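Input: a single structure, listed below in structure tokens.
The values are calculated or read from the model by the stated rules, or taken from the named source; none is laboratory data. Predicted model, so just to flag it, every value in this text is computed and none were measured. As a convention, Cβ positions derive from the backbone with ideal geometry for all residues, glycine included, and neighbour counts pool all protein chains shown.
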Amino acid sequence: MSHRDLIRREFARQAGTFEDSRLNDAFTRHLDRLVDFAAPTADDVCLDVACGTGMVARALAGRARHVTALDLTPEMLATGKASADAAHLRNVVFQEGDAARLPFVGGSFSLVVTRFSMHQVTEPETVLAEMVRVCRPGGRLVVADLVRTPGLRGDPDRMERLRDPSHGAMRTVAEIEQAMVVAGAALVASEVFEVERPLRVWLDQSRTPADVGAGIEAELRAELDGGEPTGMRPLLVDGELWFTQTWSHITARAV
Ligand SMILES: C[S@@+](CC[C@H](N)C(=O)[O-])C[C@H]1O[C@@H](n2cnc3c(N)ncnc32)[C@H](O)[C@@H]1O
């Protein structure tokens, strides 16, 4: 199975959970923060690359002129379009396509964003080059993602892949910034922050098989008891098992 087929298979299964408020806290908790960071204006014509259900696209739509939301997985797009219809949004278009081959002419957009895609796609450098190409000179690019903490002991990508086999590899902030510069962007600002998440909700959102989830939980509990580091930085919150991710927002200008 190709990596793109694996992505379509996993996200076809996850489409419903992205819009389930009991399970999608990680996608909504810092959404306003990201939109404020992207700072859309009423004149902006935006693109959300690997949009999933278009959560970011729909949030931008309230403050921008128009948003195109592109993703590889038809079920994610259909779920997002249904939510946009229900919210009576009139300035969002959902389009199936590949982030590594964007079906737009150069300079089409003034604000190009992507969230939680860099760790997912097989060719992040190609995706960034495409994002820069379709952004007009002087326009803004925003990349938001999970990032790897330099020097962290353990292999969080291994745990992430057990949970969702379509997970690729997290980069460090410096690696993403460097790739954005190589793609033709001039860095403007970045922010990095820690996000603590309940393990059970994380596993339920991805619909991870129970036996695999139990294995992940056992490794995190073993780490808490002094065992091998998993890279997940587990903690107990009111007796419940949680873990820690590092997220980043990076913005740059297309030159
Ligand atoms: C973790 S989800 C994030 C969705 C959304 N960006 C958000 O933050 O709510 C990753 C998404 O990337 C999409 N994706 C992965 N590779 C892609 C590619 N090459 N082109 C377009 N979409 C892709 C998947 O279909 C999935 O919807």
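Among the candidates THR126, THR122, single out the residue that is modelled with pLDDT under 95 and either among the polar types (S, T, N, Q) or in a helix (DSSP H, G or I) (or both). Walk me through it before giving the result.
Details: THR126 fails: modelled with pLDDT under 95.
Just one listed residue meets the conditions, THR122.
Quick test for you: out of GLU217, GLU196, pick the one residue that is touching a residue at least 24 places away in the same chain (Cβ under 8 Å), of a type in the set (Asp, Glu) and closer than 30 Å to ASP36 by Cα. Step through it out loud before you land on a result.
On the way: GLU217 fails: closer than 30 Å to ASP36 by Cα.
Just a single option satisfies the conditions, and that option is GLU196.
Going by what's in this entry, would GLY226 be described as farther than 27 Å from LEU6 by Cα, out of contact with any Phe, Trp or Tyr (no Cβ under 8 Å at 6 or more places or on another chain) and either of a type in the set (Gly, Ala, Ser) or not in a helix (DSSP H, G or I) (or both)?
Working: farther than 27 Å from LEU6 by Cα: yes; out of contact with any Phe, Trp or Tyr (no Cβ under 8 Å at 6 or more places or on another chain): yes; either of a type in the set (Gly, Ala, Ser) or not in a helix (DSSP H, G or I) (or both): yes.
Criteria met by GLY226.
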Out of ASP85, ASP98, ASP48, ASP71, which single residue is of a type outside the set (Ser, Thr, Tyr) and surrounded by fewer than 16 Cβ atoms within 10 Å (Cβ to Cβ)?
ASP85
Scope segment 5-18; condition among the β-branched types (Val, Ile, Thr) and more than 9 Å from the ligand (Cβ to nearest atom); matching residues
THR17
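For segment 108-133, name all the residues that are among the acidic types (Asp, Glu) and within 9 Å of the ligand (Cβ to nearest atom). Before you say what the answer is, go through the steps one by one.
Initial filter on segment 108-133 (among the acidic types (Asp, Glu)): 123, 125, 130.
Listed by number, the list holds a single entry, GLU123.
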May I ask you to verify whether VAL105 is away from the ligand (no atom under 13 Å from the Cβ), assigned to a strand (DSSP E or B) and either among the β-branched types (Val, Ile, Thr) or within 23 Å of SER206 (Cα to Cα) (or both)?
no
When you scan segment 19-37, do you find a residue that is buried (at least 23 other Cβ atoms within 10 Å of the Cβ) and not charged (D, E, K, R), even just one?
no
Taking into account only those residues within segment 228-245 that are surrounded by fewer than 19 Cβ atoms within 10 Å (Cβ to Cβ) and among the β-branched types (Val, Ile, Thr), which is farthest from GLU194 (Cα to Cα)?
VAL237
Number of the condition not met by ALA84 [criteria: (1) outside any loop (DSSP other than H, G, I, E, B); (2) near the ligand (Cβ under 9 Å from one of its atoms)]:
(2)
With (1) surrounded by 14 or more Cβ atoms within 10 Å (Cβ to Cβ); (2) under 19 Å from LEU152 (Cα atoms) as the list, and SER206 as the residue in question, which single condition is left unmet?
(2)
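Quick one: which residue in SER2, SER21 is more than 9 Å from the ligand (Cβ to nearest atom), among the small types (Gly, Ala, Ser), over 16 Å from SER166 (Cα atoms) and over 16 Å from the mean Cα position of the chain (by Cα)?
Details: SER2 fails: over 16 Å from SER166 (Cα atoms).
Answer to the selection: SER21.
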Select from segment 130-145 the residues that are in contact with a helix residue (DSSP H, G or I) (Cβ under 8 Å, 6 or more places away or on another chain) and not β-branched (Val, Ile, Thr) and write down the one among them that is nearest to LEU203 (Cα to Cα).
ASP145
